[in-house]
Amino acid sequence: MNKKNVLYVKNLNKTYSKDSSKSTLALDGLNLEVKEGEIFGLLGPNGAGKSTFINILSGTTMKSSGEVSVWGFDIDKNPRQVRASIGIVPQEINVDPFFTPRKLLELQAGMYGIRKKDRITDVILKLVSLEDQSRSYTRSLSGGMKRRLMVAKALVHKPPIVILDEPTAGVDVELRGNLWDNVKSLNKQGVTIILTTHYLEEAEKMCDRIGILNKGRLVALDSTSNLLEKIQTKKVKFTVNKKVNTQENLFSSLKILSNNENYLSVIYEKSKVNMRDLIQSIETQGVNIIDISTDDGDLEDVFLTLTKN
Ligand code: ADP
Ligand code: MG
């Protein structure tokens, strides 16, 4: 069955200009489609433009140019329908500490004009595993619980698309797992998920497809498994007798993890660099290679290779 696109982005640009002399190109010709029912992950280093993108979707940042439609609605022509179609969990936690989770969700539902009898407060509290805390002051909740409350707030109007910006940032390891389970179960109920994250291992586990953003441009866009297969990386650690000069040409296509008197560790794409050339260019510097150990790369290495410098 052909699933429909729930997000369509064409040639999206965003320039922030502080004054006429200094401007930042935060999104540079972004093209993207997300299909119904997917978990789509947008990855990228700090400053890549992830939050800018999400803030454009949520209507808190204006795009400079390009097309965006959400759930079939154009963001310029039907901003209200776009907002009704998405639930956004922003990067910053903002929940009023003096309300209980239940009260906060009721207020949020009120803001969306949802009548009392149509509210699903208990269902949502259960989904994010906050039933037991529903009547505690929010200020007494842990960071992970507050984050889950943010997710809950995004769900009151039953949006078909939920967008989470770095949902697990600052959440400790155990609670992170809990949050991901919540997101998975939401997805099982048919909700399309778009998320940004720094935790690549989790992106690898969670996401059906991944886009990697660097300096406002997509440097990769594929299914998680294709991405790992296509961009085959290798991690190599050379034990050496002196420091390698990495200013040379060949090294510019590698991601250098560490380089000192004893070791040189690099990641490279198998299709771009060959091990024999690498060894040769080290040895022609008069450096002795004492030992070599290699590892097949994971998503983290793919990410580092694609977003180097
Ligand atoms: P990410 O979420 O991937 O870390 P952001 O979208 O926050 O990236 O930032 C992308 C770029 O845009 C960065 O260079 C950042 O400094 C800049 N930027 C973000 N928000 C603003 C703003 N309100 N005003 C000016 N520049 C901004
Ligand atoms: Mg961000």
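Of note:
- Cα→Cβ-extended label distance, 7 Å offset, between Asn245 and Ser258, nm: 2.4
- In a fully extended conformation the segment linking Thr284 and Gln189 would gain 28.3 nm over its present Cα-Cα distance, using 0.36 nm per residue.
- If R0 is taken as 25 Å, the Cβ-Cβ distance between Met275 and Arg217 corresponds to a FRET efficiency of 0.25.
- Among 280-293, 32-45, 56-69, sorting by the average number of other beta carbon atoms lying within 10 angstrom of each residue, highest first, gives 32-45, 56-69, 280-293.
- DSSP beta bridges fully contained in the chain are about 70 percent antiparallel.
- The GluC sites (Glu not before Pro) of the range 89-143 meeting both criteria, a DSSP state outside H, G, I, E and B (loop) and at most 15 other C-beta atoms within 10 angstrom of the site's C-beta, are Glu92.
- With Cα atoms, 0 to 90° folded angle of helix 101-111 axis to the chain main axis: 70
- For the range 5-228, the spread of Cα coordinates along the three principal axes comes to 49, 38, 34 Å, biggest extent given first.
- Listed by chain and number, the lysines placed with their C-alpha closer than 29 angstrom to that of Lys242 are Lys234, Lys255, Lys270, Lys272, Lys308; residues fewer than eight positions away on the same chain are left out.
- Within the range 60-97: backbone nitrogen closer than 12 Å to the Ser23 label point (7 Å, Cα to C-beta): 64-65
- Computed over the range 231-307, the alpha-carbon pair-distance distribution with 5 angstrom bins reads 3, 17, 31, 27, 15, 7, 1, each value a whole percent.
- 3J(HN,Hα) from dihedral phi, the range 135-152, Karplus parametrisation 6.51/-1.76/1.60, rounded to Hz, x for glycine, proline: 10, 8, 5, 4, 5, 8, 7, 6, x, x, 5, 4, 4, 5, 5, 4, 4, 4
- Taking amide H positions as modeled 1.01 Å from N, with prolines and chain starts lacking one, no residue 5 or more places away or on another chain lies under 5 Å from Leu155.
Where a number appears in this text, it was derived from the coordinates with a stated rule and is not lab data. Everything quoted here is computed from the prediction, not taken from an experiment. As a convention, Cβ positions derive from the backbone with ideal geometry for all residues, glycine included, and neighbour counts pool all protein chains shown.
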